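The structure under discussion appears below in the form of structure tokens.
The values are calculated or read from the model by the stated rules, or taken from the named source; none is laboratory data. For clarity, every value in this text was computed on a predicted model and none was experimentally measured. Quick reminder, even Gly has a Cβ in these numbers, built from the backbone with ideal geometry, and neighbours come from all protein chains shown.
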Amino acid sequence: MEKIFTFISKNLDDTDIIASKFSKVILKEGAFVCLYGDIGAGKTAFTKLVAKHLDVKEKVTSPSFVIINEYLSGKMPVYHFDLYRLEKEGVRTIVDELMEYSRPNVLTMVEWAEFSDIELPLDRIEIKIEYVDETVRNFDFYAVGEKYEKILEEMKS
């Protein structure tokens with residue numbers, strides 16, 4: 001896994017810019033994205049902003065209690081998973097769904113991927129969001145697989 005870059009967000013407007021850039025580079029073929037970060041780091045907030053830039057019309061909410069939210073109104077389908085409540089044993093019950101949503105031309109965002117001890121799709125983007133203070137966040141973007149290395153390299157420009 002290669003770290004491609006870090007963005008520092010000093011406020012929600014900065015995060016919106018990061019989300020805009022991200023949505024543009026993944027629009028061509030979609031992506032399977034694992035989001036990492038402590039509670040309150042901004043995983044759901046980032047997902048909401050990416051969905052906004054993909055013209056999702058539905059209200060984007062945390063899937064903590066329902067495990068997955070599907071948004072089909074935008075430029076591409078967006079599937080938003082939250083593995084927090086499942087933990088390792090429960091994740092095994094949705095392995096097929098996770099793999100099913102790892103396909104071209106969709107965006108799959110998986111919060112709390114660290115709770116999975118299953119094999120995640122080999123090619124994926126990992127975003128680690130670090131809470132620095134009340135408004136500042138560090139976004140570390142990692143690519144797993146050559147396809148995503150190229151996609152994320154586009155985001156740097």
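Structure notes:
- The one condition in (1) at pLDDT 85 or above; (2) within 29 Å of Val132 (Cβ to Cβ); (3) among the hydrophobic types (A, V, I, L, M, F, W, C) that Met76 fails to fulfil: (2)
- Pairs, first within 20 Å of Gly42 (Cα to Cα) in region 1-27, second in a loop (DSSP other than H, G, I, E, B) and not small (Gly, Ala, Ser), C-beta under 6 Å, six or more apart: Lys10/Val136; Asn11/Thr135; Ser23/Leu54
- Close Cβ contacts (under 6 Å, 6 or more residues apart or on different chains) running from residues in region 144-157 that are within 11 Å of Val25 (Cα to Cα) to residues that are among the hydrophobic types (A, V, I, L, M, F, W, C) and outside any helix (DSSP H, G or I) comprise Tyr148/Ile125; Leu152/Ile4; Leu152/Phe141; Leu152/Ala143; Lys156/Phe5.
- In region 117-133, of all residues being modelled with pLDDT of 70 or more and charged (D, E, K, R), the one that is farthest from Leu35 (Cα to Cα) corresponds to Asp133.
- Condition met for Phe46 (touching a residue at least 24 places away in the same chain (Cβ under 8 Å), of a type in the set (Phe, Trp, Tyr) and either in a loop (DSSP other than H, G, I, E, B) or in contact with a helix residue (DSSP H, G or I) (Cβ under 9 Å, 6 or more places away or on another chain) (or both)): yes
- Failed criterion for Tyr84 (all others in (1) within 15 Å of Ala113 (Cβ to Cβ); (2) not in a loop (DSSP other than H, G, I, E, B); (3) not β-branched (Val, Ile, Thr) hold): (2)
- Per-region count, region 1-24, residues crowded, with 20+ Cβ neighbours inside 10 Å and part of a helix (DSSP H, G or I): 5
- Qualifying positions in region 26-57 - more than 12 Å from the chain's Cα centre (by Cα) and modelled with pLDDT of 95 or more: Lys52, His53, Leu54, Asp55, Val56, Lys57
- Hits in region 134-155 - residues which are modelled with pLDDT under 95 and in a loop (DSSP other than H, G, I, E, B): Glu134, Thr135, Gly145
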